[in-house]
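Below is one structure, written out as structure tokens; the observations come after it.
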Amino acid sequence: MNIGAVTLPSICSHTSHCAFPVRATASNGVTSPPNLAIEGKNLSYAITARNGKLVPILNDCSLCIPSGQLWMLLGPNGCGKSTLLKILAGLLNPTHGAVYVKRPRSFVFQNPDHQVVMPTVEGDVAFGLGKFNLTQNEVRSRVAKALHAVGMSDYLQRPVQTLSGGQKQRVAIAGALAESCKVLLLDELTTFLDESDQIGVIKAVKNSLDGSEEVTALWVTHRLEELEYADGAIYMENGKVVMHGTPSNIMGFLKERISSYTNRINS
Ligand SMILES: Nc1ncnc2c1ncn2[C@@H]1O[C@H](COP(=O)(O)OP(=O)(O)OP(=O)(O)O)[C@@H](O)[C@H]1O
Ligand SMILES: [Mg+2]
């Protein structure tokens, strides 16, 4: 069973407060521009505190991510990255704004030990395919293709409990790929991993995207060095999208921030 990579239902998560008409999917009659996998417009999210007051968490966030690319979502602790990702996953509804995400989409959680629980790698990747009414050969072929994409072909019969954290993450990603997920939403997958496992997971994601526009990934991270694998990046602060651009633009922007902060401290 693959509980880490949750394949989410094909519902449109926009609310009646949509600032723009969310474009129809095959199931609901709206369509996204062909080159965009993720589009959020003026997204806000607030929770109601015990005293009845609204506490804003996201404030007017807009973003768009082209199909077939790996994008990173960066920002300090508590700035709203996971909340934004959950909105894109349809796990939370925005208070205002509109969101379009290609389907099926899959949310992969942070902790590798929450990812995979079937006894073998093969069983785990195949688990989510039960609902598709596939022949055994089709299941085998999808599992093999997905494991190949994440560099885990040699682990087909391995007991899941013998895998490293990074290998478990890769199996979770393979589960999502086997189900033909179009969008992978990945929340700080490398937090609990050692350095070689971190690179293995990020390369697996990159590899699963290469050569097609079929799969798009949004990767939440704290690690600036992971930017080198990205096609684009979004930087958030205090519930807002502060910058949206190429990895080198974001890197330049952050370096400038750090140096002006250091200068202020020194002076
Ligand atoms: N259900 C909730 N109730 C109260 N506050 C919440 C809730 N969900 C999120 N928050 C607050 O909203 C802010 C954004 O949280 P979020 O988890 O999205 O941040 P984050 O950028 O993912 O942080 P981190 O880098 O630590 O994972 C935080 O201050 C958090 O405490
Ligand atoms: Mg978070």
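Please give every one of the lysines within straight-line cross-link reach of Lys53, meaning a C-alpha to C-alpha distance under 23 Å, and leave out same-chain neighbours fewer than 8 residues apart.
Straight-distance partners of Lys53: Lys81, Lys86, Lys240.
Where a Cα-Cα gap under 14 Å defines reach, which aspartates and glutamates qualify for Lys203, not counting those fewer than 8 residues away within the same chain?
Qualifying aspartates and glutamates at Cα under 14 Å: Glu195, Glu225, Glu226, Glu228, Asp231.
Using the alpha-carbon atoms, what tilt in degrees (0 to 90, nearest 10) does helix 247-266 show relative to the longest principal axis of the chain?
That helix lies at roughly 50 degrees to the long axis.
Just add up the charged neighbours of Leu186: K/R +1, D/E -1, any other residue whose Cβ is under 12 Å from the Cβ of Leu186.
Surrounding charge for Leu186 is +1.
Taking amide H positions as placed 1.01 Å from N in the peptide plane, with prolines and chain starts having none, which residues 5 or more places from Leu92, or on another chain, fall under 5 Å of its amide H?
Under 5 Å from the amide H of Leu92 lie the amide H atoms of Ile87, each far enough along the sequence or on another chain.
Can you check what the net charge comes to around Gln198, using other residues whose Cβ is under 14 Å from the Cβ of Gln198 (Lys, Arg +1; Asp, Glu -1)?
Result for the neighbourhood of Gln198: -2.
Does the stretch 154-240 classify as rounded, prolate or oblate by the C-alpha gyration tensor (a ≥ b ≥ c root eigenvalues; a/c under 1.5 gives rounded; else a/b over b/c gives prolate, otherwise oblate)?
Oblate, because a/c is 1.5 or more while a/b does not exceed b/c.
Can you check what the net charge comes to around Val125, using other residues whose Cβ is under 15 Å from the Cβ of Val125 (Lys, Arg +1; Asp, Glu -1)?
So the environment of Val125 carries a net charge of +2.
Out of the stretch 91-193, which chymotrypsin sites (Phe, Trp or Tyr not before Pro) are coil in DSSP terms and have no more than 16 other C-beta atoms within 10 Å?
The qualifying sites are Phe192.
Tilt of helix 165-178 relative to the longest C-alpha principal axis of the chain, in degrees (0 to 90, nearest 10)?
Approximately 80 degrees, to the nearest ten.
Roughly how tilted is helix 195-209, in degrees to the nearest 10 and between 0 and 90, from the longest Cα axis of the chain?
Long axis of 195-209 versus the principal axis of the chain: about 80 degrees.
For the chain, what value does the Rg/Rh ratio take when both radii are computed over Cα atoms and Rh is the Kirkwood radius, given to two decimals?
That ratio is 0.99, to two decimals.
Only the coordinates and a few stated rules stand behind these numbers; no lab work does. Given the structure is predicted, the values throughout are model-derived calculations rather than measurements. Here the Cβ is made from the backbone with ideal geometry for all residues, glycine too, and neighbour counts use every protein chain on show.
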